Amino acid sequence: MKEQSKKDEEKLKEMQKEIDEATTDEAEAADDDAAAADVPEAAEATVETAEDFEKRIAELQAALDEKDNKLKRLQADFENFRRRTSKERVEIGDVVTQELLKSLLPIVDNFDRAMATEQQDGAAFQKGVEMIYTQLGETLKNAGLEYIETAGKKFDPNFHQAVMRVENPDLEDDTIAQELQKGYMAKGKVIRPSMVQVVSNS
C-alpha cells in the first residue's frame, strides 16, 4: 500500500509539472502577442504587409487557444486522478478493516460458546479463556501488532510513558521497575506507549 501511495504521489507531481509547463507556455504566448501589438505600425509595415500581420496574429491566437485547451485538459485529468486515488485509499482502508474484523470472528464465536456453557468446572472454563486469549494474540500479531518489551529495559520516551518514579538501590537510574500497562506497536509505529514505573535513586 505504501508503494502504491508513493506511485500516486509521483503521478500527481508529474501531472502538476505538466500543468505548470502549459501555464508557462500560455503566458509566453500572451507576451508574444503583447510584444507584437506594441510594434509601431510604420516599422511593421517595412517587414510585413497588413495581411501577413493578421495571419501571424491568427496563428498566435490559434497556438494560444491550443495551449489553453491543453491546460484545461491537464487540470481536469489532475482533479480526476486526485479524486480517484483518494477514493482508492478509502476503499483499501475499508478492505483492511474488513479483513481484520473477519479474522476476529472465530474468536468471538469461541467466546460465545464459552459463555453459553455451564460454569460448574472453573478450571476448565479458565483454560478455555486462556486458549481464546492465545488465539486472539496470534490473530493480532499476524495483523502486525507488536508488544513493546519493558523487562530490564531503560526508559525510552519514544516507547514508554513514565507515570511514577520509584527508588530501588538494586537498579540503575532510568531502568523500568515495573510495567503498569502494556504498550504496542503496529507496522513499526507506536500506537500505545507502555505505562511504566521508572527508577530514580537521586
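Using Cα positions and a limit of under 28 Å, work out the lysines in reach of K70, with same-chain residues fewer than 8 apart set aside. Within the straight-line cut-off, K70 pairs with K6, K7, K11, K13, K17, K55, K87. Solvent-accessible surface (1.4 Å probe) assigned to M115 amounts to roughly 130 Å². The packing ranking, built from the mean of other Cβ atoms within 10 Å per residue, places the peptides 159-166, 121-128 in the order 159-166, 121-128, highest first. Amide H to amide H, with H built 1.01 Å from N, I191 comes under 5 Å of Y184, M185, A186, counting only residues 5 or more places away or on other chains. In a DSSP loop and with at most 13 other Cβ atoms within 10 Å, the GluC sites (Glu not before Pro) in region 58-153 are E118, E149.
Charging the Cβ of each Asp and Glu at -1 and of each Lys and Arg at +1, and nothing else, the dipole of region 49-176 about its Cα centre rounds to 500 debye. Whole-Hz Karplus values for region 68-82 come out as 5, 5, 5, 4, 5, 5, 5, 5, 5, 4, 4, 5, 4, 5, 4 Hz, taken residue by residue from phi with 6.51 cos²θ - 1.76 cosθ + 1.60 and θ = phi - 60°; glycine and proline positions read x.
Region 134-171 and region 70-88 have Cα centres separated by 45 Å.
Amide H contacts for A177 (H built 1.01 Å from N in the peptide plane; partners 5 or more residues away or on another chain; cut-off under 5 Å): Q197, V198, V199.
Rolling a 1.4 Å probe over the protein chains gives L104 an accessible area of about 40 Å².
The values are calculated or read from the model by the stated rules, or taken from the named source; none is laboratory data. Because the structure is a prediction, the values reported are computed rather than measured. Cβ atoms come from the backbone with ideal geometry, glycine included; neighbour counts cover every protein chain shown. Surface accessibility is based on the protein's heavy atoms, side chains included, excluding ligands, DNA and RNA. Shrake-Rupley method; radii C 1.70, N 1.55, O 1.52, S 1.80 Å.
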